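A short write-up of the structure that comes next.
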Amino acid sequence: MEEARRLEQLPTALICSILTKLNRDVGSICSAASTSRMMNECAKTIFTHIQCFHLNDLAPTLELLRPLLQNNNPFLTTLSLDAARLDDSSLPLILRPSLQHLSLLHCSLFTGDLLSQLGRSCTQLRSTSILSPPFPNSPNISFFRDVVFMFRSLYLTSVAENRGRSIDVSHLEELLNGCIHLETLVLMFDVSLFMRHNFPRVWASASSKLLSLEIGYISSVMVTELLSPVVATQQILIPIRPTILPNLQKLCLAVDYITDTMVGTISTSLTLLTHLDLRDSPIVEPSIAFDLTNTGLHQINSHGKLKHLSLVRCQEFIPAYFKRVNDLGILLMADRCSSMESICLGGFCRVTDTGFKTILHSCCSLFKLMVSHGNHLTDLVFHDIAATSLTLTQVSLRWCNLLTNFAVELLVSNRDISVLDLRDCRHLSDESLRAINTLPKLRSLLLDGCDITDVGLSHLTKGVMNSLVSLSVRGCRRLTDKCIAFLFVDHCNRELRELDLSNLPNISDEGILMLAKSRIPVTELRLRQCPLIGDTSVMVLASMQVEGTGWSGSTLKLLDLYNCGGITQLAFKWLKKPYFPRLRWLGVTGNMNKDNIDTLSRNRPFLHIASRSEELGTDQWDNLDDFYMHDYDEVDEFEQWLLEGEDGSGDEEMGEAANIAGMSDSD
């Protein structure tokens, strides 16, 4: 109270000046507002002239958003929201003339009118993105009459996803007709629902300034028809700038089938393309007419400007591969790809060491290499990598089951690697970790399904653990509680934020207790499918304290407990407020805990609860790690400020908090 009184004596202008430094950090401003009357008044002032407003970690209702988004703020240029609880009625509040960047996530309650009104009102829009699940982010736009909007960035997800909502090609047409200065467009929903015969005509009016286009799902036939010229000009032999998307540089598509025809059309029509990302997931084995072959690969980068290439066939529905592509296709493609900086190839099951090695030796500027389902990729690919001029920083070799420890020992000659993904390389063992430990800049390490032990992980404590931000050992079934001791006891890594211990049958509550004792400020912890994890782990994590970070209470934002064998009703009592004050994502088993989940949802309305085995994920824009938190009560001041006086529903069992807290401090 004494500190609060001292705050009251400070000049209002000084406090506002300090809060202004928290620009974009809406959570911190709201947290500060909950500390005193003076802070509350200053926060209201800040929201009248804040320039950047990011609120993606929770989904506010329109009523909760009103006091934060002031209509009289002419300076707001960037707005990013989780719009899961918003609909068309919120558009007058969200849209304003000053906005240049707009991002609305999970807009399933909006209708197709969103696109129409955007085209009518936002004639100066520069960038537009519209997504749908499972994409995590999305910006939205709405109608505000008689004003001109100077948007530069717009990002939308899940538009008209809910039953009863509709989106029509006419909505898209109005968007493209109205936004004549559009530079970036992201439509992350199924545009194949639009009528095919109208689709090319609608795109004829798209901005000639469009540089980047991303589409969540579209058929390969629609892509071909969109980019194919209406009238053939056989007499003219020189390249002609296309009338549709003439300046496009980046194209990212998820399609039904990646085909020679589509790849050829893209390569021929888009003369300035530098970034091509194509992904498919067939539901039946494709015929030769609907597949990618060596001929299609030979057509890639015909204009020589491509820097980033991604061709991935997913096994979402069936075990599908590019069976008509072999080393010859890679050799033909490599002739035109010497300036490539990033290559991602997934599902090329017939490509051998010869093809992959050609890429490494042809692309001297390559810094990112990703290969998945490389069934014939072996250690020989890397045997002379040290003799190349490559400076790889990101390497992913997932489901490459012929790789051994020797490949990793060769690969780490690239000392600048910061991201290393070796998931499901099942022949990698402890010796590979000894080699990985020599990478001084490694920030993210994924070892899911590798044949490693506790002793192997102990090798990382001598170097890599000092820099790691993310570590995943999911499904490494030989690991036990001892790996927690090796990694965190007496080897405290203050940088680690994400830890995945899922599907480890020998990890128990004792291991989580050791993790809590280390006081590592982990923000994402995944423990799904761990049969020995129970209520004790939840209580320990709820009481976990972190020193030296400015946090009070548990730092966890994501906790995945799906199908953990020992979770009972008691654990749900510890998942309620005031525990886990920053928790935004929770995974639990739903079929046996429906009543508990419903109760928890009412207690924590801003918590995303996944109960159907879906994987949890946080948004890329999430900056809660940097939020300034006050050290007095273990309550989420942000929620308290938003709910304005809502009574906490603490349970009587919470009185045991002090006793449980002692568990993490006792030796």
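The values are calculated or read from the model by the stated rules, or taken from the named source; none is laboratory data. All figures in this text were calculated on a predicted structure; none of them were measured in a lab. Don't worry about glycine lacking a Cβ; one is built from the backbone with ideal geometry, like all the others, and counts go over all protein chains shown. SASA here: full protein model, heavy atoms, side chains in, ligands and nucleic acids out. Shrake-Rupley method; radii C 1.70, N 1.55, O 1.52, S 1.80 Å.
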A correct Karplus calculation of ³J(HN,Hα) over the range 414-422, with 6.51 cos²θ - 1.76 cosθ + 1.60, θ = phi - 60°, whole Hz and x for Gly and Pro, returns 7, 6, 8, 4, 10, 10, 10, 10, 10
Expected vector for the range 509-518, Karplus 3J(HN,Hα) from phi with 6.51, -1.76, 1.60 and θ = phi - 60°, integer Hz, x for Gly and Pro, equals 4, 4, x, 5, 4, 5, 4, 5, 5, 5
At 4 °C and 1.567 mPa s, the Stokes-Einstein diffusion coefficient in µm²/s for the range 362-434, with hydrodynamic radius from the Kirkwood sum on alpha carbon pairs, is 105 µm²/s
Cβ-Cβ cut-off under 14 Å around Asn198, Lys and Arg +1, Asp and Glu -1: the net charge is -2
Full extension between Arg66 and Lys441 adds, at 0.36 nm per residue less the Cα distance, a length in nm of 130.6 nm
Result for the range 48-106: accessible area per residue, probe 1.4 angstrom, in square angstrom, of 32 Å²
For the pair Asp335 and Val469, the simple spin-label estimate (label points 7 Å beyond Cα toward Cβ) gives in nm 4.2 nm
Expressed in square angstrom to the nearest 10, the accessible area of Lys250 with a 1.4 Å probe stands at 60 Å²
In whole percent, the fraction of accessible protein surface over the range 65-127 that belongs to carbon or sulfur atoms, probe radius 1.4 Å, stands at 49 percent
Too long for a 20 Å Cα-Cα cut-off, among Lys44/Lys557; Lys305/Lys441; Lys307/Lys357; Lys482/Lys573, are Lys44/Lys557; Lys305/Lys441; Lys482/Lys573
Share (percent) of C-alpha pair distances in the range 391-478 greater than 17 Å works out to 38 percent
Contour minus Cα-Cα span, Ala387 to Thr295, at 0.36 nm per residue, comes to 30.0 nm
Expressed per residue, the solvent accessible area of the range 278-343 in Å² (1.4 Å probe) is about 43 Å²
His275 neighbourhood, Cβ < 11 Å, K/R = +1, D/E = -1, net charge 0
Given 108-117, 71-80, 29-38, the highest-first ranking by average Cβ count within 10 Å works out to 108-117, 29-38, 71-80
At R0 = 25 Å the Cβ-Cβ FRET efficiency linking Arg426 and Thr354, nearest 0.05, sits at 0.60
The Rg/Rh figure for the range 439-486, Cα atoms and Kirkwood Rh, to two decimals is 0.94
Quick calc: nm separation of the 7 Å Cα→Cβ label points for Ile283 and Ala13 -> 6.6 nm
Lys and Arg at +1, Asp and Glu at -1: neighbours of Arg313 with Cβ under 15 Å from its Cβ sum to -2
Applying the gyration tensor rule to the Cα atoms of the range 285-434 (axes a ≥ b ≥ c; rounded if a/c under 1.5, else prolate if a/b exceeds b/c, else oblate), the class is oblate
Once the mean of 1/r over all distinct C-alpha pairs in the range 309-396 is inverted, the Kirkwood radius in Å reads 13.2 Å
Whole-Hz Karplus couplings 3J(HN,Hα) for the range 324-335, θ = phi - 60° and coefficients 6.51, -1.76, 1.60, Gly and Pro as x, run 9, 10, 10, 4, 4, x, 5, 4, 5, 5, 4, 4
Rounded to whole Å², per residue accessible area for the range 358-491 with a 1.4 Å probe reads 39 Å²
Expressed as a percent, the accessible surface of the range 204-356 that is carbon or sulfur, using a 1.4 Å probe and the full set of protein chains, is 59 percent
